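See structure below.
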Amino acid sequence: MQRIGILFVVVGSIIGVGIILSFYGNQVIFEDLIKGEGQVKFGENLTIPVELDNMKTQTGIYAIQIIDFKKGVTAKILDPFDKEIESKSINEEVFEGRFDIAMSGIYKLVIENTDEKEVKIFGVVGPEPDVGKKSLGFISLYILIIGLIGMVGVAIYAIKNRKKSFS
């Protein structure tokens, strides 16, 4: 019975490490993204500027979440010369997109409400995380899955051992 307790502690530790890595991975992935939020009325914009360096990355990302989703929201990406490089009509509650970083400078995510009702909008924009940062998120997920499978395995082992000890 003492062996089963040790196994539960080991598997619980693996799950704990997976959770910690998950939080740390999200922190690392989102540290370079600039966030903005606001109540956007009809005809108004939410603008989120970010300074991007094309020597560090050639791709930028942006994401938009609309609370109480309503159609009528558009997102534009403006380059450092305020020239529109991308424009999308948002047709879902959460939208993610990518854009090319042709030159270094301040890029802007402009979110516009063309619906008559005021909406709460969250937006983020910044450089695309590198492969190492993305892999940290996958590693934490795999560790969590291994821990959960181990927990089920230890529970089955404990049940089988309990039946043998009663026989």
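The values are calculated or read from the model by the stated rules, or taken from the named source; none is laboratory data. Not measured: the values here are computed from a predicted model. No Cβ is skipped: glycine too gets one built from the backbone with ideal geometry, and neighbour counts run over all protein chains shown. Note: areas computed on protein heavy atoms with side chains; ligands, DNA, RNA excluded. Shrake-Rupley method; radii C 1.70, N 1.55, O 1.52, S 1.80 Å.
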Which of the aspartates and glutamates could a cross-linker span from Lys76 if the Cα-Cα distance has to be under 18 Å and same-chain partners fewer than 8 positions apart are dropped? Glu37, Glu44, Glu51, Glu84, Glu86, Glu92, Glu93, Glu96, Asp100, Glu112, Asp115, Glu128
Keeping every protein chain in place, order Tyr157, Tyr142, Tyr107 by accessible area at 1.4 Å, biggest value first, i.e. largest first. Tyr142, Tyr157, Tyr107
Explain nothing, just the number: dipole magnitude of segment 48-131 about its Cα centre with +1 on each Lys and Arg Cβ and -1 on each Asp and Glu Cβ, in debye rounded to the nearest 20. 80
My understanding is that a pair violates if its Cα-Cα distance is over 29 Å; which of Lys35/Lys134; Lys41/Lys134; Lys71/Lys133; Lys71/Lys134; Lys35/Lys70 do that in this structure? Lys41/Lys134; Lys71/Lys133; Lys71/Lys134
What are the extents of the Cα atoms of the chain along their three principal axes, listed from largest to smallest and rounded to whole Å? 77, 41, 19
In terms of solvent-accessible area of protein heavy atoms at a 1.4 angstrom probe, what is the ranking of Thr57, Thr114, highest value first? Thr114, Thr57
